[in-house]
1. Identify, among Ala439, Ser283, Leu232, the residue whose Cα sits farthest towards the positive end of the charge dipole of the chain, taking +1 on the Cβ of Lys and Arg and -1 on the Cβ of Asp and Glu, with the dipole about the Cα centre.
2. For Met1 and Ala93, calculate 0.36 nm times their separation in residues minus their Cα-Cα distance, and state this gained length in nm to one decimal.
3. Just name one of Pro127, Thr261, Ala60: the one whose Cα is farthest towards the positive end of the charge dipole of segment 6-272 (beta-carbon charges, Lys/Arg +1, Asp/Glu -1).
4. Which percent of the accessible area of segment 435-482 is formed by carbon and sulfur heavy atoms (probe 1.4 angstrom)?
5. Accessible area per residue for the chain in Å², computed with a 1.4 Å probe and the full protein assembly in place, what is it?
6. Each residue of segment 440-448 in order: what ³J(HN,Hα) in whole Hz does its phi give by Karplus 6.51 cos²θ - 1.76 cosθ + 1.60, θ = phi - 60°, with x for Gly and Pro?
7. With each pseudo-label sitting 7 Å past Cα toward Cβ, what's the Arg458-Arg336 distance in nm, one decimal?
8. Let me have the relative contact order for the chain, percent, based on Cα pairs under 8 Å that are six or more residues apart.
Amino acid sequence: MTRSIRLFNTLTRRVEPVAPLNPGVVTLYTCGPTVYNFAHIGNLRTFLFQDLLKRTFQAAGFEVRHCMNITDVEDKIIRDSQKELPAEADNAARHAAMKALTDRYTRAFFDDLEAVAIPQASFTFLPRATDYIPQMIQLIQRLETKGLAYAREGSVYYRIAGLPSYGCLAHLDREGMQVGTSVDSDEYERESVSDFVLWKATKPAEPAWASPWGQGRPGWHIECSAMGMELLGERVDIHSGGVDLIFPHHENEIAQSEGATGHTWVNHWVHGEFLLVEGEKMSKSLGNFYTLRDLRDKGIDPITFRYAIQSNHYRKLFNFGFEGLKGAKSALERIRTFRTRMEGNGESAGGGEWKEAIDPIRRVEAAREAFWASLSDDLNTPEALAAIFTLVSDLNAHDDRIALTRAERDAVLVFLDETNAIFASWPHQEISLDAEVEALIDARKAAKAAKNWAESDRVRDQLKAMGILLEDRKDGSVGWKKA
Ligand code: AMP
Ligand code: ZN
C-alpha cells in the first residue's frame, strides 16, 4: 500500500498528485553539485529538501530510484583547476589537475551530506559527468539528425526555433523571443534566450575530449540530459533542483531530451526556494557566505541546521540567521526530551479519569493522520511538525496524572520513529567536541605523513578557528586544549 503524495509542478503551476509510471516505484533525478569548492548552506538547503522528498516517498511505501549527478567538468572547475599549470601542460596533465580538484571537493561534499544525515548509500546512482562523455556525444548526434542542432567552428548549438514547445517550463513568451543568436556560456538570463551550446570547441589551456566536431568538452545542460536518460530512462517521474535552475538549465534539459525522443521526458518538475542570510543573498563580498564547516566552527550541530531547514516549507524563502537556529535547537530538544520520557519509566498501571478523557492511543492516531495529511499536501513540513508538537503538549500536560502504560508509550515511540525516518533529527547524539577534534588531529597526521602540507595546514587552521591549541609532545603524539 502506498499513500498518495501531491507536489507543486513547475510545468503546470499546480499542486498535482505524483502518479509514477511504474506503480510503487518513483524515479527521481536531482541536479547535483558543481564540485570546485565546498557546498554552501544554500546548496545544502536544496539537497536537504530533496532528501526529505525522497524519504517522504519511501515512508509512503514507494521504492525510490534516485539519481544525482556530480558536475565535474564545467567552466568554473576548469578555471580553478588549470590556473597553476604551465602553458605547455598537455591534455593528460590538464585532465589530472581537473580530477584532483573535483575528487577533493566531491569527498568534502559527501562528508557534508553525511553530517546532515543524507547517507551516500541513499542514492541509487551518483554519476560523474566525465564518465558519460560518449552518451553526451550520442545525444548531440541524435539532435543533429533531427535538425535540432548545428555545428559552428567546432562547437555545437541547439536550434531552439526547431522546438515549438521551447519555454514551456519557464513559461517564456515565445512572441518576444529573439531567435537566431547563439550563446557560448552555460548561464544567462531569460531576457537573452538564445541557441545554447551543447558542445564547446576547446580553447587553449583546457582539458578536452575527442569528438566528431574536433577536440572539445560538453556544455553543462547536456550533462544532465545524458546521465538522466542513460540511468533512469527516457521517461522519468520527478526532476528537481533549486529555483535558479528552472531557466535556462531545466528548460534546456527538456529541449535536449524531448527534442531527441519526441515525447515527454519528466512528468513532475519540483523546485526548492532559495536560502537567504539575514534577508540578503549570500555572497563572499558581503561576508555572509557560510559552509557547513563555518557553522560547525561556531558550535552549531549540523542536525540542528537540518531541522531548521526542514521546519520551513520548501517553496518559501528561508531566511537563515543564528537567532533562528536557537529556536530550532529548543524545538528539537523538546521532541528529544519527550522521546526520552516515553522510553523510560518501565511499566505503570495507567488508568484514571483523566486517562479516559485523554485516550493516548487515539491521540497518537490523530497525530499520525494530521502528520500525513500535511506532508502529502506538497510537503507541508511546518504543519507536519505541528502535529507532532500537539501530541507532545497533550501527553506532556497530562502525563503526570494519567501515567501512560508501557503499551501506550510504545505506540508513541513507533510514531516518533516513523516521523524520524523522514526528519532524521531525533533521537540524536551530538558528535562530541572530543571526537571531532581527535578526528581532525588524525586527519592532520595523515596529511603530514603523505607530505600534503596544504591539507595539514588547512586542518591546523580549522582547529585554530575552533579555538583548539595543539601541543606536539616529545613522544610524537599530539595533545590539545581549548584556548
Ligand atoms: P550548484 O553546485 O551551484 O550547481 O548548486 C547545487 C544546488 O544548489 C542547485 O540545485 C541550486 O539550485 C542550489 N542552490 C544554489 N544556491 C542556492 C541558495 N542560495 N539557496 C538554495 N539553493 C541553492
Ligand atoms: Zn541538471
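The values are calculated or read from the model by the stated rules, or taken from the named source; none is laboratory data. Keep in mind that this is a model prediction, so the values were computed, not measured. All Cβ positions, even for glycine, are placed from backbone atoms using ideal geometry, and neighbour counts span all protein chains on display. Side chains included, ligands, DNA and RNA excluded: accessible areas come from the protein's heavy atoms. Shrake-Rupley method; radii C 1.70, N 1.55, O 1.52, S 1.80 Å.
1. The residue sitting most towards the positive pole is Ala439.
2. Full-extension gain reported as 27.7 nm.
3. Result: Ala60.
4. 54 percent
5. Roughly 45 Å² per residue, with all protein chains present.
6. So the Karplus estimates, Gly and Pro as x, are 5, 4, 4, 5, 5, 4, 5, 5, 5 Hz.
7. Roughly 2.9 nm, to one decimal.
8. Values: 710 pairs, mean separation 77.1, N = 483.
Relative contact order of the chain: 16 percent.
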